[in-house]
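Structure first, commentary second.
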Amino acid sequence: MSEKAAAAPVLKKAKDKNKVCFDRMLLLVALALMGISVVLISSASVMESLTRFNDPMYFLKRQLIYVIAALFLGLVCAAIPTGVWKKYNMACMFLTLVLLILVLIVGREVNEAKRWIHLGFINIQPAEVLKLCWILYFSSYTCRKIYEVQSRLSGFIKPMIFIAVISLMLLAQPDFGSLVVITCITFGILFVAGAGLLKYIATLTIVGVIGGILVMIQPYRMRRILSFLDPWEDQFGAGYQLTQSLMAFGRGGLTGEGLGNSIQKLGYLPEAHTDFVTAILGEEFGFIGMCAVILLEFIIVYKAIVISFNILRKAPLYQGYVAFGIGVWFCLQTVINIGAASGALPTKGLTLPLVSYGGSSLFVSIAAIAILLRIDFEWRNGSLKADLKESLQGKTS
């Protein structure tokens, strides 16, 4: 036997040992968006920081602390086997419901909305925590009740009852945007699980009617709809924020005015570093910069859906539904945030994942990315084979 042939097994073993068992591009894209977030907030928040705290770098410093803390949280979440999330999903959901009740009692009110629990350095937004915990819980429900979901009306109605309870809590804050996200995540997971089309049509009709009633009975929602349809009709009233955002996009053009050269951030555009950071992105980096960020966001969505389908085409496993739910969440929130800032959709008060300022949103988004990386890792190294075997045995028995 030649030396080359004898060394081949050793080289193959070393190559397998050095093989990366997770999606590096997914990790790099998430880190890139966090880096873009820091750069954007350093520019967009200057005037707000100076006016409120007499420190032009106030929000930037806080965001840097949030980023570092979020990275540590991500490492912890990535180290936790997905079976643990499956086992304790009910506990996570229960704690989230407690937070949703607490925010109505002791929550901090901002702009006539009580959505935050103040804990010293950080304000916790339970609705953000709910998005991830609902995915973890509902994926488990779908996995356990897969036959009922696919063939019986009760499998479709039960989660709708739970959604109705959550809706009451979110509308009491009020937070209609998060309710839209939670509802769409639910429908997305039910769709990929194989729920019948007729159930979809019936439920969507009911949801549409209820949504229409909510818009009509809440004056501020009706104002948002009307200002979205024609913001220039009341450009110094209900349409003010949207018109300023549109002017920011108009100034940006194709290549933008350059980093730090935004005019709208100088007190003209409210929430310039949070919900409308997209407008500052468009003003300073133009259409090209906008397209780059949108591409990065949708790479995450694409990766989540690919991971999900790789698993679900083998068997209806918990991890596949979680990955799909995360993909729907990031996709929807990106579309709504950019759509609201550009006037394509009514304003909903939703952040741009991994980019907008805020601790709760960043922590939960990074936790979701970490769980997604863990799912991909477990699928690649074969850790899900036991779950797959158990699921296939359940189908044949």
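Worth pointing out:
- Among the residues of the range 238-259, the one identified as farther than 11 Å from GLY343 by Cβ and among the aromatic types (Phe, Trp, Tyr) is TYR240.
- The range 266-287, subset in contact with a Gly (Cβ under 8 Å, 6 or more places away or on another chain) and hydrophobic (A, V, I, L, M, F, W, C), residue surrounded by the fewest Cβ atoms within 10 Å (Cβ to Cβ): PHE287
- Qualifying positions in the range 347-362 - buried (at least 23 other Cβ atoms within 10 Å of the Cβ) and part of a helix (DSSP H, G or I): SER361, LEU362
- Failed item, numbered, when VAL76 is tested on (1) surrounded by 17 or more Cβ atoms within 10 Å (Cβ to Cβ); (2) over 30 Å from SER167 (Cα atoms); (3) not aromatic (Phe, Trp, Tyr): (1)
- Pairs where the first residue, in the range 169-188, is on the phi > 0 side of the Ramachandran plot and the second is crowded, with 22+ Cβ neighbours inside 10 Å and of a type outside the set (Lys, Arg), C-beta under 6 Å, 6+ apart: none
- VAL84 touching a Pro at 6+ places or on another chain (Cβ under 9 Å) and either more than 28 Å from LEU197 (Cα to Cα) or surrounded by fewer than 15 Cβ atoms within 10 Å (Cβ to Cβ) (or both): no
- The residues in the range 229-254 that are of a type in the set (A, V, I, L, M, F, W, C), surrounded by fewer than 17 Cβ atoms within 10 Å (Cβ to Cβ) and within 14 Å of LEU269 (Cα to Cα) can be counted, and the count is 1.
- Which numbered condition LEU266 fails, given (1) under 26 Å from ASP23 (Cβ atoms); (2) among the aliphatic types (A, V, I, L, M); (3) touching a residue at least 24 places away in the same chain (Cβ under 8 Å): (1)
- Checked against the criterion of being surrounded by 15 or more Cβ atoms within 10 Å (Cβ to Cβ) and either closer than 27 Å to CYS77 by Cα or not charged (D, E, K, R) (or both), the candidates ILE163, ILE157 yield just one match: ILE163.
Here, each number is a calculation from the coordinates, and none is a lab measurement. Please read all numbers here as calculations on a predicted model, not as lab measurements. A quick note on method: Cβ atoms are made from the backbone with ideal geometry, for glycine too, and the neighbour counts reach across all protein chains shown.
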